[in-house]
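Engineer: Dropping a structure here in structure tokens format, bear with me for questions.
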Amino acid sequence: MTPDLPVAAHLSDETAAAYADGTLAGAERATAERHLADCAECRRAVVGADAVLRLAPRRRSWRVPLNLAAAAALVLLLGPAAWRAYQSGTAAHRASPVAPATAPQPLGPSGSIRGGPVFRWTSVPGADAYRVQVMDAGGTVVWEATTADTSVALPDSIPLAPARAYFWQVQARTGFERWTKSELSDFTVSGAPPAR
């Protein structure tokens, strides 16, 4: 009679179930298969685990492409009519595109003027503020003001040199951080400004 050789450690219930389910991989699978070749008890355990797994409801893993998931979400949120409009290309935008606002037009001063200038311009529909800038011939801003009106006078505290060219421009605010600006207009002050 041949002495019985010691049998390697049996497969655990988890390993037998993983082998039956096909989720055991790599070196663990190779080790389990070598053991199953010599151990009838573990083969019965794998067959039993397989029978139990067949009776148990299977978990399904759904993988949905991203574009299909987005389309499904659109249908659920907006309804079938919105989906048909989207597919046909007739879906409306949430808001109409922003139309460019008209620019304010400088009315004066222009050319040679006497005295302190009063800046006037046309109003812009929807504008809630106007910014006026006066610059010297080098482009340096010598005065700036913001107003809700369509005219503003240069304060006496801002002296302008006679016979020197100055430029001015007005900007209209038509939305949050949205400004439209006029063309530059030029003027010169002739003689000394009269006392006010």
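The values are calculated or read from the model by the stated rules, or taken from the named source; none is laboratory data. Quick caveat: nothing in here was measured; it's all calculated off a predicted structure. Note that we place each Cβ from the backbone using ideal geometry, even for glycine, and neighbour counts take in every protein chain shown.
Engineer: Within the stretch 161-172, take every residue that is surrounded by 19 or more Cβ atoms within 10 Å (Cβ to Cβ) and within 16 Å of ILE113 (Cα to Cα) and give me the one that is nearest to the chain's Cα centre (by Cα).
Structural biologist: Per the stated criteria, the residue is TRP168.
Engineer: So, in the stretch 107-152, exactly how many residues are of a type in the set (Ser, Thr, Tyr), part of a strand (DSSP E or B) and touching a residue at least 24 places away in the same chain (Cβ under 8 Å)?
Structural biologist: Residues meeting the conditions: 3.
Engineer: Test of understanding: among VAL124, VAL132, which residue is modelled with pLDDT of 95 or more and surrounded by 12 or more Cβ atoms within 10 Å (Cβ to Cβ)?
Structural biologist: VAL132
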